[in-house]
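Have a look at the structure below before the remarks.
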Amino acid sequence: MIYKKIKSAIMLYLIPVIVLLEFTIAVKVRAQSQMPVSTAGKFESKERNAVIDTLVKKVNDYYVFPEVAQKMADVIRQRQKHHDYDTVTSREVFAKMLTVDLQAISKDGHLGVDYSAAPVTDEDPGAPPEEVVNQFKKTWALSNFNFKKVEHLDGNVGLLQLDSFFPADWIKDLAAGSMQFLANSDAIIIDLRRNHGFAPDGVLLMESYFFNDAVHLTDNHNRDASTVNQVWTMPTVPGPKLPKVDLYILVSKDCFSASEDFTYNLQSQGRAKVIGEVTGGGAHGTKPYKIGTYFTASIPFAYEVNTVTHTDWEGKGVQPDVKVPADQALLTAQIMAIRTQIKRFAADTERVAKLQKIAEQKQKELDALKPKIN
């Protein structure tokens, strides 16, 4: 989520639109949480059918894959014909039912219908007020924009725990400082296990530290705008680039969207090894569409095609190179990093001896985390 359009000279991406919408949704959700219980009237068939009609049209018009959109529309219409929705008297329950029906066909975690206790005023949310943006930025600055940890581990392994990707302009100084701290490491571990995503240009900034030259990562296909835009890494970044350092990324089943984007791109380019669990599988750019007085539909309108894999991670998740439970991922990666160094510095017997001792200790710690087999 981002609260304003971020300018990036090299980024032919849909960041301004996606970010603005995601930020506005967040603001509205926060506002709705403070509203009284809805005083709307009874939920009757006329309203229910109108919501279905609008939803079907919006899905067919905008969903990223037209053939999947038609299948979803057919299922919704079939359920409507069979009177499956007729007994629903709660708008909130109705929204959940529609979401389940849509996702049963699409397997798309970004797609869904949301109920609002207050009337939905506008499909196009527009830019949030500057004071709201500034307050949001100040609030998250108190949490260091979720740069949770930068640490030097045994074995000359650097660790960066990053729990969100905020706008590049907001985090550029933190990113530069973190990379400067990590610059002398033989290997770096990026811990994204608690990262649910956020800002695409923050992802691009962090990816760019690990490539020397500009690299074409993906093509973004936007059905709504009928465009295809290329996404390249940034040729220059604040602080040092680390294009040759061994890189390991920790993931969990909770990783979603932007954190998967970062991981998938670095893995597909052969730049990083991924350790942990299969991720959530949310790759599509999404925005809200008004489908009723009290309803919006979050409809994915854009998808990415990776230049190496020629696909994305939607519905599948990012597949780790080494699958382990999330709580074992850090030690697993550290041991892998150290063992790589042992091979690399084989001629330096004193250094290898120290590294072997560290690896043995970390292996004991890892074994202690594994469940005991009786």
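So here's what we get for this one:
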item: Members of segment 170-195 found to be of a type in the set (Asp, Glu) and either assigned to a helix (DSSP H, G or I) or surrounded by fewer than 23 Cβ atoms within 10 Å (Cβ to Cβ) (or both), listed by number; result: Asp173, Asp186
item: Whichever residue in segment 33-63 is aliphatic (A, V, I, L, M) and modelled with pLDDT of 95 or more and, among such residues, is farthest from Ala225 (Cα to Cα); result: Ala50
item: Residue within segment 64-84 that is of a type in the set (Gly, Ala, Ser), touching a Gly at 6+ places or on another chain (Cβ under 9 Å) and either at pLDDT 90 or above or open to solvent by 40 Å² or more (accessible area, probe 1.4 Å) (or both) present; result: no
item: Only listed residue being in a helix (DSSP H, G or I) and over 32 Å from the mean Cα position of the chain (by Cα), chosen from Gln78, Gln70; result: Gln78
item: Test: residue in segment 341-350 that is part of a strand (DSSP E or B) and either under 15 Å from the mean Cα position of the chain (by Cα) or more than 30 Å from Phe166 (Cβ to Cβ) (or both); result: no
item: Where a residue in segment 168-179 is under 16 Å from Glu151 (Cβ atoms) and its partner, wherever it lies, is of a type in the set (D, E, K, R) and outside any helix (DSSP H, G or I), with Cβ under 8 Å and at least six apart; result: Met179/Lys241
item: Single unsatisfied condition, Val324 versus (1) at pLDDT below 95; (2) within 24 Å of the chain's Cα centre (by Cα); result: (1)
item: Subset of segment 297-331 [in a loop (DSSP other than H, G, I, E, B), farther than 30 Å from Leu366 by Cβ and open to solvent by 40 Å² or more (accessible area, probe 1.4 Å)]; result: Thr307, Val308, Thr309, His310, Thr311, Gly315
item: Sole residue being under 19 Å from Ala337 (Cβ atoms) and crowded, with 21+ Cβ neighbours inside 10 Å, chosen from Tyr248, Tyr294, Tyr264; result: Tyr248
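The values are calculated or read from the model by the stated rules, or taken from the named source; none is laboratory data. These numbers were taken from a predicted model, which means no experiment stands behind them. Using ideal geometry, Cβ is built from the backbone for each residue, glycine included, and neighbour counts are taken over all protein chains shown. Heads up: the accessible areas ignore ligands, DNA and RNA and are worked out on the full protein's heavy atoms, side chains in. Shrake-Rupley method; radii C 1.70, N 1.55, O 1.52, S 1.80 Å.
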